[in-house]
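Below is one structure, written out as structure tokens; comments come after it.
The values are calculated or read from the model by the stated rules, or taken from the named source; none is laboratory data. Just so you know, these numbers come straight off a predicted model, no measurement behind them. FYI the Cβ positions are ideal-geometry reconstructions off the backbone, even for glycines, and counts take in every protein chain you see.
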Amino acid sequence: MRTNRKFITAILAGSVLATASGVSTADSTYVGIHGMWTDLKDLDFNVAPGTIESQFDSGTGFGITLGRSFDQFRAELEYTSRKNDIKSHSLNGSPTLPGSKGEAKSDAFMLNGYYDIDTSSAFVPYLGAGFGMAKVKFDDFGVAAIPDVLNDNESQFAYQFMAGGEYRFADTWGLFAEYRYFATADVDVNTSSATGGVSNSIAYKTNNILVGARFRF
């Protein structure tokens, strides 16, 4: 009986000390890294002869994060980079123009918030959203006849929505997969003087699949 009392007293004392020191196993700092497949929505922009319709190949990207967990909530800072190469350009609905080339890139700094759903298991689904700034670049858009139609960039407000799941192999690390919608406010850019120096507001909208790892300490 005395042994049981000592055991219970030790547990209570340990709990009091943990509470007093602010220690919580649910609270942790983490770093993350991920790669991504990205699909960029087709875009249109105007030149002096009319409207260019541009289609893109599937692209790739990566990201790094620094975050903090607060029980079922997380807040994180994130840097991401994406790139998609041009698949084709067409003018005013014409067939694909020969020698279509160029690439669209973005570099974003985001502040994200997440809600982790408690499943009482190692698998943790989650939902999230974020906002920040992104520099969007349209590099060397052109065709064989006019190699430099659009080559401009602008920084704009960016936002994103996320849904995914993490499998935590240990308290210190886990692997995750995620769907993400990432977009910016319309990007204001100008075509080259060879095509009239026309001003354009272009929508940058992507769908992304991410796979990565998080390490907690």
Pairs needed: first member in the stretch 81-100, at positive phi; second member anywhere, surrounded by 15 or more Cβ atoms within 10 Å (Cβ to Cβ) and at pLDDT 95 or above; C-beta distance under 8 Å; at least 6 residues apart or different chains.
GLY93/GLU53
How about the stretch 70-88: which of its residues are modelled with pLDDT under 95 and either surrounded by 13 or more Cβ atoms within 10 Å (Cβ to Cβ) or under 24 Å from TYR159 (Cα atoms) (or both)?
PHE70, GLN72
Would you mention how many residues in the stretch 102-124 are of a type outside the set (A, V, I, L, M, F, W, C), in a strand (DSSP E or B) and either exposed (fewer than 14 other Cβ atoms within 10 Å of the Cβ) or free of Cβ contacts under 8 Å to residues at least 12 places away in the same chain (or both)?
1
Here the qualifying pairs (Cβ atoms under 7 Å; residues six or more apart or on different chains; first in the stretch 58-70 and within 9 Å of THR29 (Cα to Cα); second in a strand (DSSP E or B) and at pLDDT below 95) come out as SER69/SER28
In the stretch 144-199, residues that are of a type in the set (A, V, I, L, M) and under 14 Å from ALA108 (Cβ atoms) total 5
Right, ARG168: more than 19 Å from ILE86 (Cα to Cα), charged (D, E, K, R) and either free of Cβ contacts under 8 Å to residues at least 12 places away in the same chain or buried (at least 19 other Cβ atoms within 10 Å of the Cβ) (or both) or not?
no
Exposed (fewer than 15 other Cβ atoms within 10 Å of the Cβ), more than 13 Å from THR206 (Cβ to Cβ), among the small types (Gly, Ala, Ser) and modelled with pLDDT of 95 or more: does that describe GLY67?
no
Of the conditions (1) buried (at least 16 other Cβ atoms within 10 Å of the Cβ); (2) among the β-branched types (Val, Ile, Thr); (3) under 18 Å from VAL189 (Cα atoms), THR51 clears all except one; give me its number.
(1)
Counting just the residues of the stretch 185-217 that are among the polar types (S, T, N, Q) and touching a residue at least 60 places away in the same chain (Cβ under 8 Å), which one comes out surrounded by the fewest Cβ atoms within 10 Å (Cβ to Cβ)?
ASN207
Does at least one position in the stretch 113-132 carry a residue that is within 22 Å of PRO147 (Cα to Cα), modelled with pLDDT of 95 or more and in contact with an Asp or Glu (Cβ under 6 Å, 6 or more places away or on another chain)?
no
Residues being hydrophobic (A, V, I, L, M, F, W, C) and within 14 Å of the chain's Cα centre (by Cα): count how many of those fall in the stretch 91-133.
8
